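> Sharing a structure, written as structure tokens. Questions coming.
The values are calculated or read from the model by the stated rules, or taken from the named source; none is laboratory data. Quick caveat: nothing in here was measured; it's all calculated off a predicted structure. Cβ atoms come from the backbone with ideal geometry, glycine included; neighbour counts cover every protein chain shown.
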Amino acid sequence: MSEQPSRQGPRLVPLGLTLSSFLLITYLLCIIFGLIAPGQFHMHEAWAPLLPGFEWLTPQGALFGAIGSYLYGWYIAVLFVPLYRLFHR
């Protein structure tokens, strides 16, 4: 029976997929909430500086926002995993 080598901390791919999915779902929920309750909260104003190409209520802007949200998850994972392993030693 072969044993898996032990790894310290989280693995990059599962964490990247998890964070990317979380941020994408959060982004989509904010967009949906903005459409359901316009004028209540203005989350699109918070997304605009963080997501290049994002424009409120345009198909192209929504797509760029979704792509940017997903990529931010991978950005966090790519930085977090090596830093975690470095400081966990």
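> Which of the residues belonging to the stretch 33-89 are modelled with pLDDT of 90 or more and among the aromatic types (Phe, Trp, Tyr)?
Those that are modelled with pLDDT of 90 or more and among the aromatic types (Phe, Trp, Tyr): Phe64, Tyr70, Tyr72, Trp74, Tyr75, Phe80, Tyr84, Phe87.
> Hey, among the residues in the stretch 67-81 that are small (Gly, Ala, Ser) and touching a helix residue (DSSP H, G or I) at 6+ places or on another chain (Cβ under 6 Å), which one's surrounded by the fewest Cβ atoms within 10 Å (Cβ to Cβ)?
Looking at the filtered set, the residue picked out is Gly73.
> With the requirement that a residue be hydroxyl-bearing (Ser, Thr, Tyr) and at pLDDT below 95, what does the stretch 1-21 give you?
Ser2, Ser6
> Next question. Go through the residues of the stretch 6-17 one by one and say whether even a single one is of a type in the set (Ser, Thr, Tyr), out of contact with any strand residue (DSSP E or B) (no Cβ under 9 Å at 6 or more places or on another chain) and surrounded by 13 or more Cβ atoms within 10 Å (Cβ to Cβ).
no
> Can you pull out the residues in the stretch 27-61 that are under 27 Å from Leu12 (Cα atoms), surrounded by 13 or more Cβ atoms within 10 Å (Cβ to Cβ) and of a type in the set (A, V, I, L, M)?
Leu28, Leu51
> Which pairs do you get when a residue that is more than 9 Å from Arg85 (Cβ to Cβ), found in the stretch 2-15, comes within reach of a residue that is at pLDDT below 60, reach meaning Cβ atoms under 6 angstrom, with the pair 6+ apart or on two chains?
Nothing qualifies.
> Applying the selection to the stretch 49-60, what residues are in contact with a helix residue (DSSP H, G or I) (Cβ under 9 Å, 6 or more places away or on another chain) and part of a helix (DSSP H, G or I)?
Leu50
> If you don't mind, another one. Give the number of residues within the stretch 35-54 that are more than 21 Å from the chain's Cα centre (by Cα) and either among the charged types (D, E, K, R) or at positive phi (or both).
So the count comes out to 1.
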